[in-house]
1. Out of the residues in the stretch 772-783 that are of a type in the set (D, E, K, R) and modelled with pLDDT of 75 or more, state the one that is surrounded by the fewest Cβ atoms within 10 Å (Cβ to Cβ).
2. Going by the conditions given, is D314 in the same structural domain as R427 (by TED's automatic domain parsing), in contact (Cβ under 8 Å) with a residue 24 or more places away in the chain and over 30 Å from L752 (Cβ atoms)?
3. Do you know which residues across the stretch 658-714 are of a type in the set (D, E, K, R) and part of a loop (DSSP other than H, G, I, E, B)?
4. Sort out for me the helices (runs of 4 or more DSSP H) sitting completely within the stretch 608-657 that have 2 or more residues that are within 23 Å of V705 (Cβ to Cβ) and outside the structural domain of L138 (by TED's automatic domain parsing).
5. Can you name every residue in the stretch 242-258 that is farther than 18 Å from A600 by Cβ and in contact with a helix residue (DSSP H, G or I) (Cβ under 6 Å, 6 or more places away or on another chain)?
6. Considering only the stretch 251-282, how many residues are among the acidic types (D, E) and crowded, with 16+ Cβ neighbours inside 10 Å?
7. Of the residues A429, A405, A425, A394, only one is within 30 Å of L354 (Cα to Cα) and of a type outside the set (K, R); which?
8. Testing H344 on (1) within 30 Å of L389 (Cβ to Cβ); (2) surrounded by 18 or more Cβ atoms within 10 Å (Cβ to Cβ), one condition comes back false. Which one is that?
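The values are calculated or read from the model by the stated rules, or taken from the named source; none is laboratory data. Note that the coordinates shown come from a computational prediction; the quantities given were computed from them, not determined experimentally. Cβ atoms come from the backbone with ideal geometry, glycine included; neighbour counts cover every protein chain shown.
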Amino acid sequence: MPCAPWRSLALLSPYLCSASPESCTADVVKAVRSAPSLLTVSQNLQRKAQGRNTTNQRPGGIQDWKRAEPSDDLAATLEDALQWEIRQIEKSMGEQGEQQPSRVMGVVLNGKDDIRMLRGALSIGFFGVGLLFSVFCLWRKLVPWVYIREADLELAPIASDVSPGTAARHFADPHVTLFDWIKKVRQTTPEDEISAAGLDGWAFLEFRRLIWRIFFVIGSVLSVILLPMHYQAHKNSKMLDMLSTFDIGRDPLPDWMLWVHAIMVWFVVSASSWTIAVAQEHFTEKRYQWLKDIPFPRANTVLVRNIPPMYRSDSALQQYFSNVFNDDVIERAYVVRRTGRLSHQVAALREARLQVVHAKQHWEDAGSPEGNEPEKVNLIRCQKRVKLLTEEVASAQRRVKDAVARGDPLVCTSTGFVTFNTELASRLASREQYTRDVTNFQISMPPDPHDLIYENLADQEMNSAGWNWAGVASIWGVFTLWVPFVVLISSWTTFGALQENLPRLKALVQEHPWLDRMLTGVFATIALKVFLAFLPTALYLIIRNLMSVKSTTEVQILMQRWYGLFLVMFVLLVTSLSRGVTLTLVSIAQKPGRIFSLLADFLPSASHFYFNYIILGWTVPVLELIRNSNFWKFHAFRWFFSMSMQEAKEYGEPEDPASYGVGARMAYSLLIAAITFTFCSCSPLIFVFAFISLTLSQATYTYLVVYAETKKPDTGGVLWVNGINHLFLVITIYILLMTGVLQMLSQSRQWLGPPLVALASLAILYLGKMRVDTLAFDVLPLEEVVRTSRESQEKAKHQQGRYLQPECDPDIVAAAMS
């Protein structure tokens, strides 16, 4: 079974056979340091190479390095030491060393072929970006309706000889050019972003701009100081290639260089914390303005959970709050219902009404025939179905209404909405304790009326808690079973398996060994790529169907949290998970100080892999810009379902909420930030590739969010706050990594000095976090609520929707009967 330590030992064999013990010692130590997988060997040799020890043979043929006796053969001593250490490494990895998470995820440690791999990644990156941009410009020119939001499109005038009620609605030609979208992106202002995409859309774009500003500040300084210093330290090394000479390396550094790195850690933490704090102040102003502009009824409504049984009806709930406050303060109350099959009946009615429209259109296109013509018969059949479904829906709505009036516990739930006449009254009501039991009448700000998931709101608290635990358990199952599952499937799709099935490919690789490393690093495993593409969908389905989420925005918040954690763990920290997720966490819990070595042992040695990862990721936002799924859905609805252009546009939107939702996008943005932060001191060259990635993605996402995609329900910046908290966590990982690296590279291997100074930067990070947390964002200050409440009459004119389950809306029946 091939294993990295044995390959490294093969490279050491010439040195082990050296005739001179002194030169053997120096060469072996130097060679061992160049092999990241033998870091433990390097540390032991540096401490014990001067002593002349022999080993006692233990039962089973394993030599015990620790039970050593003097010997004159230094080369044999070193060889025995290497063999013992390698056995310990393999033992810690288990018999299935090939199934380490880092191997499964395709992570490759730095090596001689990294320059060639970097060139290949750059070629793929630049070619892919150029090709995708060309496709986007061409498709947008040919089919502009897919790449412009419906609110910005104008309908073409209806011909005079066609009935307005049945005419197919087509959009007028927007007259776009190939590159006019670039001008739009450059002229976009923050006000345009908030108006078109809400505060969440602006927060997503501003989060990426924040990352760019941080990297511009720290990247300029670190590149100027650290790159020449690293080159000076490694320029005479014959063991490193040109790309590795600009890395921090694995050889011990002079003390003054370690002090420079410690100072740079303080600079990175201080500059990042200050930039984040300034951005948070700017966000808070936007958040307050968003709170002032929230339309009615969301602005003056509260969500009430755990309503006691005696108040679980519209009239009883309204009467309770009228008794607590005044009669003229309460506008209405609404208790969420369990509607049974009513929602399915309403969906069938809407589908039937759409069929009537199409049937009538076909009948008019055929010349409005009478009698037993197929078009006439089909129209009558569709109209009869609409009438029957309308009667069923009306009857079911009456039954639900009667059940609510008498407080039927099978229909009425413990969740409801209370709408006040003013924002001030709803604010005061949300801060009170109503009964001695603090669990009763739990008040919170409601989501947007069009964003609610009423079937989850209808669940009892106990059921909701149970489903949430089931969702968390399922997600943890994805985390723990991910590596074994990928190993099971990818065993047939690895590059090695392809060589076994294709003898000519195997012969080519044997003639050119560098192809094995390059192709393995670029392509990793086919199964991994497929599963990573479907991972957001899997997490989305778990969150949406198992967890008791109350709105689609809450789904995106949980997607940001769990998908971001998965990406950081299995893409960035995967090299530290040599024993898997669970065992690694247990190991850290038993000995917290082990986290420094876990991060420092292998992460710096995989920096070149992450160069390629960022470069290959340049195509990700540009691929989203093409809107491939929306493009083909639009054409499918137009030509295969004979829909009008307006209907095809409506049914072709929105984009996939799992992969292209703001939660998944925020998570991927965090991953780019985490990779760059982690390697910014070890390999400052990463800033070049990160800058290109952020610049490309900022242009593409600005156009998508502001000009192409439909406006989504808004959390008011909750995703921003979560993103800022995640950034602080990423910077913490950076501090821990650099502390371990500085301790590993010091001559004395002591924690005092540069490692302790780097670790002390946690104090600066803590102060920055405290500064951000003191800027309250969740609610308006009371004085501003009072001022805004006085302007509520003007605000009421912009009321958007109402808190009413769609299937219970009587307008559905009225529209069907008209």
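1. By that ranking, first place goes to D778.
2. yes
3. Within the stretch 658-714, E709, K711, K712, D714 meet the criteria.
4. Helices (runs of 4 or more DSSP H) meeting the threshold: none at all.
5. L243, T245, F246 - these are the residues of the stretch 242-258 that are farther than 18 Å from A600 by Cβ and in contact with a helix residue (DSSP H, G or I) (Cβ under 6 Å, 6 or more places away or on another chain).
6. Qualifying residue count, the stretch 251-282: 1.
7. A394
8. All conditions pass for H344, except number (2).
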